[in-house]
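See structure below.
The values are calculated or read from the model by the stated rules, or taken from the named source; none is laboratory data. Source: prediction; values computed, not measured. Here the Cβ positions follow ideal geometry from the backbone for every residue, glycine too, while neighbour counts run over all protein chains shown.
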Amino acid sequence: MNRHEPRLMIYSQDGLGLGHMRRTSLLAQEFLDRTPDGSVLTVSDSPLGQFFATAAGHDFLKLPSIRKTGPGVWEAVSLSVSFDEVLRLRTQLIASAIESFDPQVVLVDHMPHGAMGELVPALRAVAGRRTRVVLGLRDILDASDVVRRRWTAEGAYETLEEFYDEVLVYGQQDVLDVASEYAWPASIARRVSYTGYVCADPPRRPSPNGSGPWQGGRTPKVLVVAGGGADAFPMFSAVLDAAPAVNAATGSEFLMVTGPFMPDGHVRSLRQRASRLPMVELRRKFHGRNKIARADLVVSMAGYNTTVEVLAAGTPALLIPRSGPSAEQRTRAELFADRSWVRWLDPLNLDADVVADGIRAGLEEALTPASRPELTGREAAVSFLTQDFAPIAPSLTASMR
């Protein structure tokens, strides 16, 4: 018997992106759909706070925001105090939240020890209670040598070994075997389940009425997106350079959405250039995932959430990953392109002709993948998290192993 209504606490050290926020919000919504009397408390430090719409039963605890400036190096985003003071405050808030909220399940997003080990005191406090502690990971973190080096230096392996009951990987083992790639010991590898990719239910994509990848008889639409957009300026700049040639060849029109985190100076520069291109509309943000489904091609960076949502919509995609410092996006673009799920371009070679050719290929040449990605990660992950609250459907149980 539960000691109170079902409670899930999610810790997400989100930094300056939207991906972790999007993923944890989807999981919280699915959890509440399964447990209508439940409660979810998300502990996060995103400067945007509660950015995505949420349901009754879900609330947020905002930590003081920090950002990573280098391997193992952090600083406060807003507070004019030392990082040590901010870290101490965050550590105390997290521990107090777990103690007071008393969740049956704690889901930790991405970092088993938290930023600079801030999560460890809270994990130590719940050890021995009837609290399941689960790590949730997107499948691709960084180059394998970087992950192994940082996790060793920061004590992540020891934290995972000591405090975690299970690990959920939001991906497919046949795309990337996390335990093997990041050299996890067998004792940890045995705790891993692969859920498939986490995404929202896709909007309905219009049926094509022509012979090409875009719907014949109308102007092709190219949607250019970058999630939060903090480091997306090179991609947008390259697409602006290529847009006139693509328009001349195909008549395409472009909707470019910079994202809320792109620096204001970069947005102004792009707007000035876009104002001279009648085939381009540029916005800071847009509402409605239907635009992804209704586009004829999506050009985007290769972040987890944007890429997976494009796959779910069934829209042809051209990925332009960030050039660094992390190898995560480039690795994802390469692995997904190897399966003919997407096309991709090397971010170190974004000449206008190269980008224009890539966009035209995405519009004119359909890909034929041998298999489709597994996109039921949201349902499978929450079935796992709620297994002590209600039976898991057999079909979902099977998909997790």
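Just a few scattered comments:
- Residue match in segment 232-243 (condition: at pLDDT below 95 and under 28 Å from Leu137 (Cβ atoms)): yes
- So Leu348, is it touching a residue at least 40 places away in the same chain (Cβ under 8 Å) and either part of a loop (DSSP other than H, G, I, E, B) or surrounded by 16 or more Cβ atoms within 10 Å (Cβ to Cβ) (or both): no
- All positions within segment 25-43 that are part of a helix (DSSP H, G or I) and farther than 19 Å from Gly136 by Cα: Asp33
- Set side by side, the residues Arg330, Arg271, Arg276, Arg322 differ, and just one is out of contact with any helix residue (DSSP H, G or I) (no Cβ under 7 Å at 6 or more places or on another chain) and either not in a helix (DSSP H, G or I) or not assigned by TED's automatic domain parsing to the domain that holds Asn349 (or both), which is Arg276.
- Considered as a group, the residues in segment 129-146 that are in contact (Cβ under 8 Å) with a residue 60 or more places away in the chain and in a strand (DSSP E or B) include one that is surrounded by the most Cβ atoms within 10 Å (Cβ to Cβ), and that residue is Gly136.
- Residue in segment 126-137 that is over 24 Å from Ser180 (Cα atoms), modelled with pLDDT under 95 and among the aliphatic types (A, V, I, L, M) present: yes
- Whenever a residue of segment 66-79 is modelled with pLDDT of 75 or more, its partners that are among the basic types (Lys, Arg) and not in a loop (DSSP other than H, G, I, E, B), lying with C-beta atoms within less than 7 angstrom and at least six residues away or across chains, give the pairs Trp74/Arg67; Trp74/Lys68; Glu75/Arg67; Val77/Arg67.
- Qualifying residue in segment 289-302 (condition: assigned to a loop (DSSP other than H, G, I, E, B), modelled with pLDDT of 90 or more, closer than 17 Å to Ala232 by Cα and not aromatic (Phe, Trp, Tyr)): yes
- Set Leu141, Leu123: member being among the aliphatic types (A, V, I, L, M), touching a strand residue (DSSP E or B) at 6+ places or on another chain (Cβ under 8 Å) and modelled with pLDDT of 90 or more: Leu123
- Among the residues listed as Leu255, Leu240, Leu223, Leu282, the single one being outside any strand (DSSP E or B) and of a type in the set (A, V, I, L, M): Leu240
- Of all residues making up segment 166-205, the number that are under 17 Å from Val134 (Cβ atoms), without any contact (Cβ under 8 Å) to a residue 24 or more places away in the chain and part of a helix (DSSP H, G or I): 2
- Among the residues of segment 149-176, those identified as under 23 Å from Ala333 (Cβ atoms) and either touching an Asp or Glu at 6+ places or on another chain (Cβ under 9 Å) or small (Gly, Ala, Ser) (or both) are Arg150, Val169, Tyr170, Gly171, Gln172, Gln173, Val175, Leu176.
- Cross-chain or 6+ apart pairs with Cβ under 6 Å, segment 299-321 first and free of Cβ contacts under 8 Å to residues at least 24 places away in the same chain, then among the aliphatic types (A, V, I, L, M) and not in a loop (DSSP other than H, G, I, E, B): none
- Residue check for Ala337: modelled with pLDDT of 95 or more, in the same structural domain as Leu32 (by TED's automatic domain parsing) and of a type outside the set (D, E, K, R): no
- Taking segment 92-128 as the range and being touching a Leu at 6+ places or on another chain (Cβ under 8 Å), free of Cβ contacts under 8 Å to residues at least 60 places away in the same chain, in a helix (DSSP H, G or I) and farther than 20 Å from Ser39 by Cα as the test, only Met116 passes.
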